[in-house]
2 protein chains.
Amino acid sequence: MILDKVNCPDDVKGLSFSEMEILADEMRELIIKKVNTIGGHCGPNLGIAEATIALHYVFNSPEDKIVFDVSHQCYPHKFITGRKEGFLKPENYMKYTGYTAPEESEHDIFKVGHTSTSVSLATGLAKARDLKGETGNVIALIGDGSLSGGEAFEGLDNAAVLNSNIIIIVNDNDMSIAPNEGGLYKNLKLLRDTNGQAECNYFKSLGFDYLYIGEGNNVEKLIDGFKKVKDIDHPVVVHIVTEKGKGLKPATEHKEMFHWIMPNTLDENNNLIPMNYSGGEDWYSITKDYILKKAQEDKSVIAINPATPGVFGFNQDFRNKLGKQYIDVGIAEEHAIAFASGLAKGGAKPILNVMSSFIQRTYDQLSQDLCLNNSPITLLIWWGGISSADSTHLCTFDMAMMGNIPNLVYLAPTNKEEYLRMLDWSVNQTEFSTAIRVPSCEFVSTGIADTTDYSEEINKFKMVRQGEKIAVIGLGNFFGLAENVVNEIKAQLGIDATLINPRFITGIDEEMLNNLKLNHDLVITLEDGEINGGFGEKISRYLGNSNLKVLNYGSHKEFTDRIPLAELYKRYRLTPEQIVEDVASCLNLNAII
Amino acid sequence: MILDKVNCPDDVKGLSFSEMEILADEMRELIIKKVNTIGGHCGPNLGIAEATIALHYVFNSPEDKIVFDVSHQCYPHKFITGRKEGFLKPENYMKYTGYTAPEESEHDIFKVGHTSTSVSLATGLAKARDLKGETGNVIALIGDGSLSGGEAFEGLDNAAVLNSNIIIIVNDNDMSIAPNEGGLYKNLKLLRDTNGQAECNYFKSLGFDYLYIGEGNNVEKLIDGFKKVKDIDHPVVVHIVTEKGKGLKPATEHKEMFHWIMPNTLDENNNLIPMNYSGGEDWYSITKDYILKKAQEDKSVIAINPATPGVFGFNQDFRNKLGKQYIDVGIAEEHAIAFASGLAKGGAKPILNVMSSFIQRTYDQLSQDLCLNNSPITLLIWWGGISSADSTHLCTFDMAMMGNIPNLVYLAPTNKEEYLRMLDWSVNQTEFSTAIRVPSCEFVSTGIADTTDYSEEINKFKMVRQGEKIAVIGLGNFFGLAENVVNEIKAQLGIDATLINPRFITGIDEEMLNNLKLNHDLVITLEDGEINGGFGEKISRYLGNSNLKVLNYGSHKEFTDRIPLAELYKRYRLTPEQIVEDVASCLNLNAII
């Protein structure tokens, strides 16, 4: 294998063009095996192999600095920068993250997992170089999909006036995660169609010098182009056209599906294994069924998402059925919120879907565009909860971020019937800016219809079981944990604890809390997210001047990185046993068993 | 006066061109009087008078919907839409807000005060119209300065593919709040220089149809142009060139100074009254002095701000002295954070200045680009605190928003010496992503140098006076209030309370809190910002399982709108008298006097 000879970037510089081509294929083969074994980003990495080789051939990392946007296309870079063992043997597959990680290598400058950041980060590196009188190239590698994010535009607008070396490589594979949306993409197509010659050029309009490389999977052409811009003394965009999923037929045929794949997507011959849909109900299916039905009944209902339909199970069939009542706005979360606010003010009924980790991009839009205007939208937050994810994709912060914004009604359903009722209430009401944290726990159906008019019960908690001494408040995903804790308290301490489903993340039920004071000594809050700034602390504050003690449970203020969920629960004392231990200690109780 | 005839948009439709010109001048005269009396946005409103008249002449508001970006240029619109009385007599000056406000008029669709939102909001209105099968024009009026914000780009990228009527009027006065920065502005200049004819055109590159009106203060030309795009069936940008500050000589000569003016900026002849600099020390002067000195000593120090240098007192003299060590990135807060993170990783020492209300635009950048990477920047948050501001510009939320982001060290100094020490510590250290909430309280100097090494004391509170029974923790701006509360407790209850300066917003001193349990019954926290998700709740949580009671004070979760500070303090029970009343009630104590 050529790969045997490559242990650092310098080793690439000694290869011939044909050896480099073989190297690209070797890396692709290993990437496919790995992501098909443990899951991972597939298409982006297959397409960027040649460009990564060419970058390391022409430039001298780490003196020349390469910043990867989103950084989920850094696998070939990891091969070349001393981390190929993470791809060679299955036992090493988990050794390195799927993103750039400075703790792994001096060739990785930033930890990055959210999109559209590379140009701004690189501009900072370049300006630091200039201030310190140093030299070297600064390179941002950004995909076409990431260009739709506002931060990328802000970065380009500023990079263009840097007046010194910065090289923006636009990796154009004509795909975002899903197909691109937006006017910009017509311009990229025009540029591709004219071999980069069209005068109407987004990058030139921002003031960049511009170089077009149509054959972005041809190492020779890439090296030739990169040599032209090496040590350039002004900002330049190098527009390269690559094939997403290159070298893997199913990946080029199903680009969206192969952006990130699950284990065992392919058989031993790299053919697609047909998916077995269970056909059973889950949080995805009931959401889609609701939206389809509602959209059919009411032409003003519209489902929106920013660039990640797969996260919500919004497959092509679903999108086709919705037609004009479905919009993917691309990677543009800020726009998504303001757009939805405008839709609501115009009398439509927007249902906006965003993954918890990415709603972080919209604090100000939630505050100013949405809640200050009380625009009645339905915002579905997906995947919220403590997880074993990479540190760049944690979904633990949404409640602490959104929960303190005035006017927002943020709901946490605990079962199918409650979720569907909240959803229907939210879509039909016109008073409140509403968000719902779609459950990410096991699917639970009670079989008992929820007929609550939530407008009449804003911030009213639901008393599920009236007990004494100890009240357990289980929010959303953690209602099941609360049930277990109540049972464990009974079993171990012989106490019939009170069980409460708070339903609302953004407010507290003062009346119910006041009543608890009469025959309770302790309140326990359980939330599936960051405890700092979260739901439980509001209850601690409210009860701070009473004799009721409070224990808040949730995740700590930290970025965790691929820690198994069981380990995190233990760390945060989120097992029923640990909680009952804390209860006994807090109330000086002894176990009855 | 022509204005006498104008009470609603229809009245404009009956005016001749020359009457419209007179109307523009009449409105300008009244605007100047008003803003010179109570303060307000001056230059933007003087420049947009003709365009506003032309809009109401050609279009039919509210059937046609006009969305104002930032909306601080809506004064002429308020004249025409039934609110001229707010400008005619000083006693009515406060009657209407300085921004669009749906509660005032059906012609105002959104409450807007942060920039770059109009295109997305308008796209939502247009899409709602289409879904419902309605007709009518949707118009976004956006200034050139606002175009640099990422949300505006995301909006344009999506508006361009709407496939139906949306009209984006770009009001190009060649100024942001301060001079424009960014590559885009070279393109706007090119378009102005070529009478809109240049092929390299930012708006066309995004897919818009494009119309150029060079004489944007000529009602006839404007009306002619607007008529061309009325009822258009596809997205169009109308690029109009206006004069910021038109009709007021000092405003055209000092465009930045006249963006927003204080009362009594002009004499009775509308000449500029020379400013009397006190020359005394204040939070602005000591910050600037520090930055200048440090920048001279260390060429890697760089002061950054996104578009609002005036907020920090960064005048032209200061900027000139810093030279290349100063960058205004324009309205691009997201870029500002990532850029600073890049600078820090490149070994420079960025000091980034942002107003509290606008840091809201950067939650994800603070989390991902900055804190996940532990980039050692110094972020100065200005004007943070409860205020009598308009609901769109509140500065009460920064602590609740930033305080729960992992890794961030957010400091709250209480006096000059402490602030300067924190600033110097932050700039020189390389371990932590640091923010400092620049005090916005009265200037306090103790005369006692602070020599703390804050790296050694992360999250350690400062025990200022050890007392008993009651501990008062006064954060940042509210340390002075804490001193008053301690004195009032002594006077009224005869108790020597403990006084604590926590210094850190982002952590709690568990050791000190544990020690308080020994001889205290109550802890009081005071913070100048939203109590939900804020500093005090973390203490309530930590002490939730102890016998110590806690009272948290701060602002409520609400958007307040121009409420006098004294009234807000009373509402939030933030006077020493109210607090001591609460203390007495909580501890069942009787006043000794």
For B:Lys127, indicate whether it is at the interface with chain A (Cβ under 8 Å from one of its Cβ atoms), assigned to a loop (DSSP other than H, G, I, E, B) and more than 23 Å from B:Arg192 (Cβ to Cβ). no
Would you check which residues across segment A:328-357 are touching a His at 6+ places or on another chain (Cβ under 7 Å) and more than 7 Å from every other protein chain (Cβ to nearest Cβ) and list them? A:Ser357
Identify, by number, the condition in (1) in contact with a Lys or Arg (Cβ under 8 Å, 6 or more places away or on another chain); (2) farther than 30 Å from B:Leu15 by Cα; (3) modelled with pLDDT of 95 or more that B:Met175 doesn't meet. (3)
If you go through segment A:130-154, how many residues are among the charged types (D, E, K, R), in a helix (DSSP H, G or I) and more than 7 Å from chain B (Cβ to nearest Cβ)? 1
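Conditions (1) touching a residue at least 60 places away in the same chain (Cβ under 8 Å); (2) surrounded by fewer than 24 Cβ atoms within 10 Å (Cβ to Cβ), marked per residue:
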| residue | (1), (2) |
| --- | --- |
| B:Ser146 | yes, no |
| B:Gly150 | yes, no |
| B:Asp157 | no, no |
| B:Asn163 | yes, yes |
| B:Ile168 | yes, no |
| B:Ser176 | yes, no |
| B:Arg192 | no, yes |
| B:Cys200 | no, yes |
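For every residue, the table says whether it meets (1) within 16 Å of A:Asp509 (Cβ to Cβ); (2) under 24 Å from the mean Cα position of the chain (by Cα); (3) surrounded by 15 or more Cβ atoms within 10 Å (Cβ to Cβ); (4) among the acidic types (Asp, Glu).
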{"site": "A:Leu411", "(1), (2), (3), (4)": "yes, yes, yes, no"}
{"site": "A:Asn415", "(1), (2), (3), (4)": "no, yes, yes, no"}
{"site": "A:Asp424", "(1), (2), (3), (4)": "no, no, yes, yes"}
{"site": "A:Ala435", "(1), (2), (3), (4)": "no, yes, yes, no"}
{"site": "A:Ser445", "(1), (2), (3), (4)": "no, no, no, no"}
{"site": "A:Ile448", "(1), (2), (3), (4)": "no, no, no, no"}
{"site": "A:Thr451", "(1), (2), (3), (4)": "no, no, no, no"}
{"site": "A:Met463", "(1), (2), (3), (4)": "yes, no, yes, no"}
{"site": "A:Gln466", "(1), (2), (3), (4)": "yes, no, no, no"}
Subset of segment A:96-124, residues more than 10 Å from chain B (Cβ to nearest Cβ), more than 20 Å from the chain's Cα centre (by Cα) and under 26 Å from A:Phe358 (Cα atoms), comes to A:Glu103, A:Glu104, A:Asp108
Are there strands (runs of 3 or more DSSP E) fully within segment A:287-378 with at least 2 residues that are without any contact (Cβ under 8 Å) to a residue 60 or more places away in the chain, outside the structural domain of A:Met175 (by TED's automatic domain parsing) and touching a Leu at 6+ places or on another chain (Cβ under 8 Å)? List them. A:301-305, A:349-355
Return the residue satisfying two criteria in turn: it lies in segment A:564-581 and is of a type in the set (Val, Ile, Thr) and crowded, with 17+ Cβ neighbours inside 10 Å, and of such residues it is nearest to the other protein chains (Cβ to nearest Cβ). A:Ile579
For the subset of segment B:535-552 comprising residues that are of a type in the set (A, V, I, L, M, F, W, C) and under 19 Å from A:Asn532 (Cα atoms), which member is nearest to the other protein chains (Cβ to nearest Cβ)? B:Val550
Within segment A:419-433, does at least one residue satisfy the condition of being assigned to a strand (DSSP E or B) and touching a helix residue (DSSP H, G or I) at 6+ places or on another chain (Cβ under 7 Å)? no
Mind checking whether some residue in segment B:523-534 is away from chain A (no Cβ under 14 Å), in contact (Cβ under 8 Å) with a residue 40 or more places away in the chain and more than 17 Å from B:Ser585 (Cβ to Cβ)? yes
How many residues does segment A:178-190 hold that are small (Gly, Ala, Ser) and either within 9 Å of chain B (Cβ to nearest Cβ) or free of Cβ contacts under 8 Å to residues at least 12 places away in the same chain (or both)? 2
For segment A:283-296, state whether one or more residues are within 13 Å of another protein chain (Cβ to nearest Cβ), more than 23 Å from A:Met175 (Cα to Cα) and aliphatic (A, V, I, L, M). yes
A:Ser445: in contact with a Phe, Trp or Tyr (Cβ under 9 Å, 6 or more places away or on another chain), among the small types (Gly, Ala, Ser), closer than 22 Å to A:Gly280 by Cβ and assigned by TED's automatic domain parsing to the domain that holds A:Ile337, yes or no? no
Could you please find all residues in segment A:1-34 being of a type in the set (Val, Ile, Thr) and free of Cβ contacts under 8 Å to residues at least 40 places away in the same chain? A:Ile2, A:Ile22
Take the residues in segment B:499-521 that are assigned to a strand (DSSP E or B) and surrounded by fewer than 24 Cβ atoms within 10 Å (Cβ to Cβ), then tell me which one is nearest to the other protein chains (Cβ to nearest Cβ). B:Asp521
Give the residues of segment A:306-327 that are closer than 20 Å to A:Lys294 by Cα and within 13 Å of chain B (Cβ to nearest Cβ), sorted by residue number. A:Leu322, A:Gly323, A:Lys324, A:Gln325, A:Tyr326, A:Ile327
Taking B:Ile524 as the residue in question, decide whether it is touching a Gly at 6+ places or on another chain (Cβ under 9 Å), crowded, with 24+ Cβ neighbours inside 10 Å, in a strand (DSSP E or B) and not assigned by TED's automatic domain parsing to the domain that holds B:Trp425. yes
So is A:Phe226 within 16 Å of A:Ile167 (Cα to Cα) and among the aromatic types (Phe, Trp, Tyr) or not? yes
Would you please name the residue that is nearest to B:Leu548 (Cα to Cα), looking only at residues in segment A:545-593 that are out of contact with any Lys or Arg (no Cβ under 6 Å at 6 or more places or on another chain) and among the small types (Gly, Ala, Ser)? A:Ser585
Only one of (1) within 24 Å of B:Pro564 (Cα to Cα); (2) within 11 Å of another protein chain (Cβ to nearest Cβ) does not apply to B:Ser387, and that is (2)
Kindly check whether there is at least one residue in segment A:247-255 that is over 30 Å from A:Asn320 (Cα atoms) and more than 14 Å from chain B (Cβ to nearest Cβ). no
Of the conditions (1) more than 12 Å from every other protein chain (Cβ to nearest Cβ); (2) surrounded by 24 or more Cβ atoms within 10 Å (Cβ to Cβ), A:Glu91 fails just one. Which one is it? (2)
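The values are calculated or read from the model by the stated rules, or taken from the named source; none is laboratory data. Just so it is clear, the model here is predicted, and its values are computed rather than measured. Cβ atoms come from the backbone with ideal geometry, glycine included; neighbour counts cover every protein chain shown.
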